[in-house]
Every structure is written in C-alpha cells, then in structure tokens.
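Okay, structure first, notes after.
The values are calculated or read from the model by the stated rules, or taken from the named source; none is laboratory data. Only a predicted model underlies this, so the values are computations on that prediction, with no experimental measurement involved. In this analysis, Cβ positions are derived from the backbone assuming ideal geometry, glycine residues included, and neighbour counts consider all displayed protein chains. Surface accessibility is based on the protein's heavy atoms, side chains included, excluding ligands, DNA and RNA. Shrake-Rupley method; radii C 1.70, N 1.55, O 1.52, S 1.80 Å.
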Amino acid sequence: MKFIIDRNLFLKNLNNVLKAISSNTAIPILKGIKIDLSENTLTLTGSDTNISIKIDIPKSYDLHIESTGSIVLPARFFSEIIKKLPGKDFSFEVKDSFQTKIMSENSDFTINGLDADNYPKLPEITRESSFVISGKSFKEVISETVFAVANQENRPILNGVNFDFNPKEINAIATDSHRLSRRTLKLATGPAVATNLVIPGNSLIELSKIIADDDPQVTVIPGENQVLFKISNINFYTRLLEGSYPDTERLIPQEATTTVELDALTLARSLERVSLLAHESRNNVVKMYLNVEDQIIKLSGDSAEVGNVAEELAFDSLNGENLEISFNPDYLRDALRVSITDSIVIKFTKPLRPFVVVPKDSDEKFIQLITPVRTF
C-alpha cells in the first residue's frame, strides 16, 4: 500500500475522523484509525462503537496512488506525526509486518500498524427511506436543543434529542426533566414519510462540528438502530437511543398568570452578575420578584459564606399577578444563549410551576421550559 497526498487536505479529513475515536475504548483496535486505499479512493475510518465516521478522499483530490491495501494505525501518534510533518506533501507506505513508513522532505517516521481485517465492520444501512435537509437548518436545531439533554444512566432515553422529521418541518425536543427545549423549524423539503429518531446528545455535538457553515446538504439515512448522515464525502454513523421518548406536551403550560417582555441580553448580563454569589451557595439558586403594581422586577442571590446581591431588572412590559419564584440561573442563561430573537417573553403560572421562555413577535416555534426550585 503506497500513496502520496497533500498534507493539509489529508489533515483536514483526518481531524474529522478523530472525532469518533476515544482513548478510553475497551476495544484496543478502536484506538486506531483504519486506512483503506482502493484504485480510486483513500478511505479513513474511526469509531468508538457509538459514533463511527468514514471519509472518502477521491483520487481527484491531489491523491497519487501507487499500490492499494489497508492498515490500522494508532490514531494519537499518527495524527501528531501528520500535524508536525514539514512538507506540503507526504508519502505513506505500508511494508512487511504492518510497519508503516511516513516521509516528508527530511522527516522519516516508521510506526507499527495492525491488521485491518480485525477492525469491526460498519453497519450496513440501505437508502430506501433517506431524505435530504439543509445543513444550516439542522445545525440550528441541534444548537437550540442539545444543551438540554440529560446525562443519566437510569433514564438513557433523555440523553438524546427526540427528532420528528416530516415533509414540512423538523420538530426537536430535549429535556433533562428539569428543563426542556422544543424547536420547530420549517423545511423547504423534508422526508416523504414522517420519521422519528432519538439521537444521543454527544453524537449531535460532534455532528454539528462537522456540518460546515456554507449550508451543505445533509442526507439522513435511518436504519434499525443506527442513523447515517452523509455530508459531502463524510459518512457519520451514530447509534439511536431505544425506547419511547416521554410525552412532554403536557408539561408546557397553556396559560400564564404573569407575563414579562424584556431584552434577552439585558437579562443574561443581570443573571451573570447575580450568579456570582448564587454559584457560591449550596443550592445555586436565584430569586426573581415581580411586582406588577409597582412595575418592578428584582433578581437576588445569596451565599451564607460570601454575602448577597440584589439588582433591579430593566424590562419592556410586565402584566398579571405579583410573583416570587426561585430557579437555577444556569438553566435560564442557557435558554437565553440560544434565543432566536433579541426580545423574549417569559410566562409564569405559579411559584412552583414551570415557566416558559418564548421569542417575542416571531412566527418561529421555539419554547423553552424551566422548572423552579423549592426554597422552603
């Protein structure tokens, strides 16, 4: 097996494959990267059994093929070598006993490889129910929901985002039982048949890093317990979470007793200041007091060891009943961070009932729910 390739082009593809490789895997060969060379294509594969990434580099990508073959190389050492090579191009040659020679200008490395026949096979997923969506749209939905997934062993289904793909829109929901984010986004084109997938949050984070900002097409190919995403020359496989996602619709309040409209950035900055002391307390709680008669909103936090803080909050409008509510400030800050409008509306019902954050004056469907904290 022997080829010559542009180092920067190879490194760009290598870095994407490395996203699927973990040094903590219980299967030793998965600490390596599989390299296959056919007559027309160089293929890089990495996997941790949960995520697998396969990238095809065609001959037209300044790839000079001299002889075909396969090898598995230790991913960490191999990637560091490629990063530090001096020249524009490098040569790669597998010799006897899986010894691999990597050369560029005056640098000459030899590292030991493994038999590629022992590398686990990737799942075979047919394209029968595949569909294409906008990479930009999918990336937006991921960022607006994935932060709310859980990290629980007792309810693994909550460790993923529940996606409903239909011909006209994506509907995505994530919750850790303390907060919820539900985003619905219209699609120019979607699947012919509605498809439901619960995709692990960790997989979505890595997939989002691969989707470029130039809005590539993403082909979604659902399988029985896996889903394949194709983005240009990249094949991204991830396992699906098994089980029924809980019915979250009943958690979202349909009415409000107190409503406030305000600027998301103003609230975020105020929360950041009040959180300085809240984070030092055992409960990490901020209190919000809304006085409708006096048209005042106050945020406060305290720590028995450090002190306390109180701040009046600027807002656009406040209507309904007086209310005092306590909550985790980090949950609200996360919700504000992914807000799709500068102005938001927060709708409250009771001190111990969840409240929702929605965009102001927007046709977009985006609801975030936060459960308050009992402080007595």
Exercise for the section: Taking every pair of alpha-carbon atoms in region 138-229, give the share separated by more than 17 Å as a whole percent. Expected result: 48 percent
Problem - 0 to 90° range, to nearest 10: angle between helix 75-84 axis and the chain longest Cα axis - result: 80 degrees
Handout entry: Accessible area (Å², per residue) of region 17-68, counting only protein heavy atoms and a probe of 1.4 Å
Key = 45 Å²
Exercise for the section: Using only the Cα atoms of region 219-308, construct the convex hull and provide its projected area averaged over every direction, in square nanometres to one decimal. Expected result: 11.6 nm²
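Calculate the FRET efficiency for D115 and T184 from the Cβ-Cβ distance with a Förster distance of 35 Å, rounded to the nearest 0.05.
Once the sixth-power term is evaluated, E becomes 0.10.
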Exercise for the section: With a Förster radius of 22 Å, plug the Cβ-Cβ distance of T257 and D334 into 1/(1 + (r/R0)^6) and report the FRET value to the nearest 0.05. Expected result: 0.35
Handout entry: Residue among N308, L267, G320 farthest towards the positive dipole end of region 241-322, charges placed on Cβ
Key = N308
Problem - For region 162-295, alpha-carbon Rg over 2.2 N^0.38 Å - result: 1.40
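What is the gain in length, in nm to one decimal, between E280 and D108 on full extension, counting 0.36 nm per residue of separation less the C-alpha to C-alpha distance?
Gain in length upon complete extension: 56.6 nm.
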Problem - Label-point gap, in nm, between S38 and E224 - each point 7 angstrom along Cα→Cβ - result: 2.5 nm
Problem - Alpha carbon convex hull of region 93-186, projected area averaged over orientations, nm² - result: 11.6 nm²
Practice task
Would you work out the relative contact order for region 73-185, in percent, from Cα pairs under 8 angstrom that are 6 or more residues apart?
Solution key: 15 percent
Completion exercise
Taking the dipole of the chain about the Cα centre (Lys, Arg +1; Asp, Glu -1; charges at Cβ), the one of F366, L197, I142 that reaches farthest to the positive side is L197
Exercise for the section: Using only Cα atoms, tell me the angle between helix 264-278 and the longest principal axis of the chain; keep it within 0 to 90° and round to the nearest 10. Expected result: 90 degrees
Completion exercise
Highest mean packing first, using Cβ neighbours within 10 angstrom, the peptides 295-302, 192-199 sort as 295-302, 192-199
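Tell me, what is the per residue accessible area of region 209-263 in Å², probe radius 1.4 Å? Write down the numbers at each step before the final one.
Values: 2850 Å² over 55 residues.
On a per-residue basis, 52 Å².
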Practice task
With a 1.4 Å probe and every protein chain kept in, tell me what percent of the accessible surface of the chain is carbon plus sulfur.
Solution key: 45 percent
Fill in the blank from the handout: Distance in nm between D96 and E305 label points, each 7 Å along Cα→Cβ, equals 6.5 nm
Completion exercise
If each part is reduced to its alpha-carbon centroid, region 1-68 and region 155-191 end up apart, in Å, by 32 Å
Handout entry: Sequence-separation-based contact order of region 261-342, relative, with Cα cut under 8 Å and 6+ spacing, percent
Key = 37 percent
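For region 223-376, what class follows from the C-alpha gyration tensor (a ≥ b ≥ c being the square roots of its eigenvalues): rounded when a/c is under 1.5, otherwise prolate if a/b is larger than b/c, else oblate?
Note, shape of region 223-376 comes out prolate.
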Practice task
On a C-alpha basis, how far is the centre of region 216-252 from the centre of region 315-376 in Å? Whole number, if you could?
Solution key: 29 Å
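Run through region 100-138 and list the chymotrypsin sites (Phe, Trp or Tyr not before Pro) located in a DSSP loop whose Cβ has at most 13 other Cβ atoms within 10 Å.
Passing sites in region 100-138 do not exist.
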Handout entry: Sparse-neighbourhood loop sites, GluC sites (Glu not before Pro) in region 21-107 - DSSP loop, at most 12 other Cβ within 10 angstrom
Key = E39, E105
Practice task
Could you work out the local net charge near E305, counting Lys and Arg as +1, Asp and Glu as -1, over the other residues with Cβ closer than 15 Å to its Cβ?
Solution key: -1
Exercise for the section: Would you mind giving the three semi-axes, in whole Å and largest first, of the ellipsoid equivalent to region 6-95 according to its Cα gyration tensor? Expected result: 21, 14, 12
Problem - Simple Cβ-charge dipole of region 117-167, Lys/Arg +1 and Asp/Glu -1, about Cα centre, in debye nearest 20 - result: 100 debye
Practice task
Please get the size of the charge dipole for the chain, origin at its Cα centre, with Cβ charges of +1 on Lys and Arg and -1 on Asp and Glu, quoted in debye to the nearest 20.
Solution key: 600 debye
Handout entry: Angle between the chain longest axis and helix 7-18 axis [Cα atoms, degrees, rounded to 10]
Key = 60 degrees
Completion exercise
Beyond 19 Å, the calculated P(r) of region 1-154 holds a percent of Cα-Cα pairs equal to 60 percent
Practice task
About the Cα centre of region 236-324, how large is the charge dipole given +1 on each Lys and Arg Cβ and -1 on each Asp and Glu Cβ? Please answer in debye to the nearest 20.
Solution key: 400 debye
Handout entry: E249 versus N15: modelled label distance in nm, points set 7 Å from Cα along the beta carbon direction
Key = 4.4 nm
Practice task
Take the Cα of L122, step 7 Å along the line toward its Cβ, and report every residue of region 43-66 whose backbone nitrogen sits under 14 Å from that point.
Solution key: 43-58
